[in-house]
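The values are calculated or read from the model by the stated rules, or taken from the named source; none is laboratory data. A quick note: this is a predicted structure, and the numbers were derived from the prediction, not measured. Glycine gets a Cβ as well: all are built from the backbone with ideal geometry, and neighbour counts include every protein chain shown. For accessibility, only protein heavy atoms count, side chains too; no ligands or nucleic acids. Shrake-Rupley method; radii C 1.70, N 1.55, O 1.52, S 1.80 Å.
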Amino acid sequence: MREGISAMLEHIRISFQSIFSHKLRSILTMLGVIIGIAAIIAIVSMLKGQSEQLKQSMIGMGNNAINVVYQPSGGEEEGGPQVSYTSAPPVAEETVKAIKSDPMVKGLSLYYLSEGASVFHLTNVSYPQVYGVDGDYFDMFPIRITEGRKLTENDLNSTRQVVMINEAARDELFPDGDALHKNIEMNGVPFKVAGVFKEKNQQESMFEGDYANPVLYVPKKVWPLIEGFDAPTQIAVQADSSEHIQEAGVMAADLLNQGLSEAELEKAEYSVMDLQEIAQEVESFNQSFALLLGGIASISLLVGGIGVMNIMLVSVTERTREIGIKKALGAKRRVILFQFLTEAVVLTSIGGILGVLAGFGIAKLLTVVFPMPFIVSVPAVVGALIFSMAVGIIFGLLPSIKASKLQPVDALRYE
């Protein structure tokens with residue numbers, strides 16, 4: 001056992017000696033392996049970060065929140081509730097207090113949402129998403145003001161006809177960029193622009209362009225002027241953690257449904273989407289995408305393996321006399337075979353380690369350019385290192401066998 005370990009350590013020592021004696025050649029040989037491993041690690045890390053961000057944005061609305069939607073009964077069977085513009089019955093204050101008192105609930109907002117409003121400024125027109133909100137909404141979904149000011153508590157608790165618009169709405173209604181304190185008309189009702197904000201989504205990602213739709217915020221109490229009714233179309237529940245999002249949403253829906261009469265329940269009810277199903281779909285998509293891109297990146301490893309085989313064949317030719325001397329001194333075939341095979345494995349293993357480090361660097365850089373979580377995939381790292389060693393074994397086997405089969409007399413006579 002000790003002799004076997006000693007022999008292996010000796011093979012590794014000789015391998016490093018050979019690699020460092022031809023530094024440039026060794027680096028060029030490892031380059032294919034480094035590129036292949038780096039590409040795989042970067043792809044997996046990026047996809048995991050993207051998957052986590054999609055889950056946060058899609059499943060928790062970016063803030064561990066979920067919409068409790070009032071919609072016709074049975075709507076969930078047609079794909080699940082996502083958003084509704086149906087006017088719901090007034091929610092009793094007792095129900096609101098019961099939901100907020102649950103330890104899983106961090107926040108609750110009853111707000112309005114409409115996509116049917118026409119907004120004008122002079123001859124410019126926009127068809128934005130219009131939100132009727134109060135302070136609870138901004139506690140759950142913070143925004144970033146870029147111009148002017150945010151709606152104040154006095155604004156939100158009164159019928160002041162003031163509005164905040166996002167940058168996309170500003171660009172449509174005010175092409176010259178000067179929107180502050182200007183008047184716009186929404187469904188025939190005048191509003192004064194108090195401020196301009198960045199997209200309401202907290203997650204600023206590589207998909208930020210998908211959210212660049214015109215959005216307006218008005219005080220909740222002026223909603224009857226716009227739509228003619230005064231009952232919330234949307235209820236958002238914020239959970240204390242991502243693990244409780246679904247449970248908190250179902251609990252809130254049950255309490256809200258308890259406040260409905262039998263006649264109302266026959267027509268519509270409160271429900272929430274199945275987040276677990278969405279999470280599984282996101283994960284399945286990313287796994288398929290990772291396999292596809294990983295397969296493409298693996299081509300670099302194949303090219304790198306061919307390079308390793310080529311250099312090892314050259315090394316066997318260069319060291320023919322050395323092999324002849326070792327065999328003349330009694331070295332067996334397996335000793336020669338394992339010596340060259342160990343060299344090939346060490347070569348690709350070093351390339352694998354450098355590739356992992358390079359992959360982390362690329363992934364980290366990309367997460368800075370496209371803000372998203374940086375996630376290290378331990379299985380991907382272990383798999384990449386094992387795969388790089390396998391490349392060394394597979395593509396180093398032929399040169400090693402060739403070296404072990406050399407006859408001492410022929411090897412010693414080789415010039």
Expected output for the stretch 121-133 (first residue under 13 Å from PHE174 (Cβ atoms) and of a type in the set (Ser, Thr, Tyr), partner open to solvent by 30 Å² or more (accessible area, probe 1.4 Å) and not in a strand (DSSP E or B), Cβ below 7 Å, 6+ apart or cross-chain) is SER126/GLU172
How many residues of the stretch 109-144 are open to solvent by 40 Å² or more (accessible area, probe 1.4 Å) and under 9 Å from LYS220 (Cβ atoms)? The answer is 0
Filtering the stretch 106-120 for residues that are farther than 19 Å from ALA169 by Cα and among the polar types (S, T, N, Q) leaves a count of 1
Residue set GLU204, GLU172, GLU208; condition more than 28 Å from PRO90 (Cα to Cα), modelled with pLDDT of 90 or more and among the acidic types (Asp, Glu); output residue GLU172
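For the stretch 230-247, does any single residue satisfy the condition of being part of a helix (DSSP H, G or I) and at pLDDT below 75? Explain how you work it out, then say what you get.
The first filter runs over the stretch 230-247 and keeps only residues part of a helix (DSSP H, G or I), leaving 242-247.
Filter once more, keeping what is at pLDDT below 75: 242.
So far as the stretch 230-247 goes, yes, one or more of its residues are part of a helix (DSSP H, G or I) and at pLDDT below 75.
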Note on the stretch 155-186: residues open to solvent by less than 70 Å² (accessible area, probe 1.4 Å), of a type outside the set (Val, Ile, Thr), more than 36 Å from the chain's Cα centre (by Cα) and within 13 Å of PRO128 (Cα to Cα) are MET186
Of those in the stretch 355-390 that are among the polar types (S, T, N, Q) and not in a loop (DSSP other than H, G, I, E, B), the residue modelled with the highest pLDDT is SER388
Considering the stretch 303-321, residues that are farther than 11 Å from GLY396 by Cα, out of contact with any Leu (no Cβ under 7 Å at 6 or more places or on another chain) and open to solvent by 70 Å² or more (accessible area, probe 1.4 Å), and then whichever is modelled with the highest pLDDT, we arrive at VAL303
